[in-house]
Amino acid sequence: MATPIIETDNLHLFYGQKEALKGINLSFQEKGISALIGPSGCGKSTFLRSLNRMNDLIDGVTITGNVLFKDQNIYAPGEDIVALRKQVGMVFQQPNPFPFSIYENVVYGLRLAGVRDKQVLDEAVENSLKQAAIWDEVKDDLHKNALALSGGQQQRICIARVLAVSPDVLLLDEPTSALDPVSSHVIEETLLKLRYDYTIIMVTHNLQQASRIADRTAFFLQGELIEVNDTKTMFMEPARQETQDYISGRFG
């Protein structure tokens, strides 16, 4: 079997004294969509944020174990976190475009990296907005403030902003939970196209969404990884009673 692009080995995470992740061993192959499901507070978003060291921003967090990205431990001393987050990009629950133009939102990461060539920037904007399925809606308004867009459009701008720096992995923390059903559907359709080019790891509360678009699903409960399998098997024939109870709505 191919080497996973991301793999966690006995990952523990503490907020102060509270253990939020209890020895998670989970790997992700290149390409496709993996969904992380479980009730609120089960550790799925904490786990997701550990994959590009977003938890570093929280005081009092202690992490043990390894997270390997392309066989390199991202928590090793001297790791370049900026370079890591370029390769392992993140889209949050609430759309968070910057308060400037659509164009400047998309090229933000490229400008930070020192790219100045207008042709390169223009091409990146067009390609990223096309990949994020919003080019046709905004191509004549690229200098409009991104905050003037609808919530669903803003979220696709945020996806385009991550794609512009050519990541390998896309982390999505409940990317449609703040959106209406129509916008959610558009984002889902977008992700289904992107799964052929990127490794997508997505936290979702929406079990129907996971069953619709994920290739693999992992179920978390109280900081533990209970079960992981291909999505169809997970929903039709879960191996663990806890998974069955959650999927059938007995708790969560």
Quiz item: Mean residue ellipticity at 222 nm from the helices of the chain, using -39,500 (n - 2.57) per DSSP H segment of n ≥ 4 over the full residue count, to the nearest 500 deg cm²/dmol?
Solution: -10000 deg cm²/dmol
Self-check item: DSSP beta bridge pairing in the chain, given as percent antiparallel to the nearest 5
Solution: 60
Self-check item: Crossing angle, helix 118-131 versus the chain [Cα axis fit, 0-90 degrees, rounded to tens]
Solution: 50
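With 25 Å as the limit, write out which pairs from Lys70/Lys193; Lys31/Lys118; Lys70/Lys130; Lys31/Lys130; Lys118/Lys193; Lys139/Lys193 have Cα-Cα distances beyond it, or answer none. Intermediate values should be presented prior to the final figure.
Working: Lys70/Lys193 23 Å; Lys31/Lys118 30 Å; Lys70/Lys130 28 Å; Lys31/Lys130 19 Å; Lys118/Lys193 28 Å; Lys139/Lys193 20 Å.
Too far apart for the 25 Å limit: Lys31/Lys118; Lys70/Lys130; Lys118/Lys193.
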Self-check item: trypsin sites (Lys or Arg not before Pro) within the range 23-66: DSSP coil, no more than 13 neighbouring Cβ in 10 Å
Solution: none
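At 1.567 mPa s and 4 °C, plugging the Kirkwood radius over alpha-carbon pairs of the range 6-247 into Stokes-Einstein gives what diffusion coefficient in µm²/s?
Here the translational diffusion coefficient equals 70 µm²/s.
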Self-check item: Folded to 0 to 90 degrees: helix 102-112 orientation relative to the chain principal axis, Cα
Solution: 70
Exercise. Please name whichever of Gln94, Pro175, Phe220 sits farthest to the positive end of the charge dipole of the range 6-247, dipole taken about the Cα centre and charges placed at Cβ: Lys and Arg +1, Asp and Glu -1.
Key: Gln94
Quiz item: Mind checking the angle between helix 151-163 and the chain's longest principal axis? C-alpha axes, 0 to 90 degrees, to the nearest 10.
Solution: 90
Practice problem: Using label points projected 7 Å from each Cα along Cα→Cβ, tell me how many nm separate Lys31 and Asp9, to one decimal. | Solution: 2.7
Quiz prompt | Farthest positive-ward along the chain dipole, Cα basis, beta-carbon charges - from Val115, Thr243, Leu147 | solution = Leu147
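Each reported figure results from applying straightforward, stated rules to the coordinates on display, with no laboratory input. None of the values given here were measured: they were computed from a predicted structure. Counting neighbours? That spans all protein chains shown, and the Cβs are built from the backbone with ideal geometry, glycine included.
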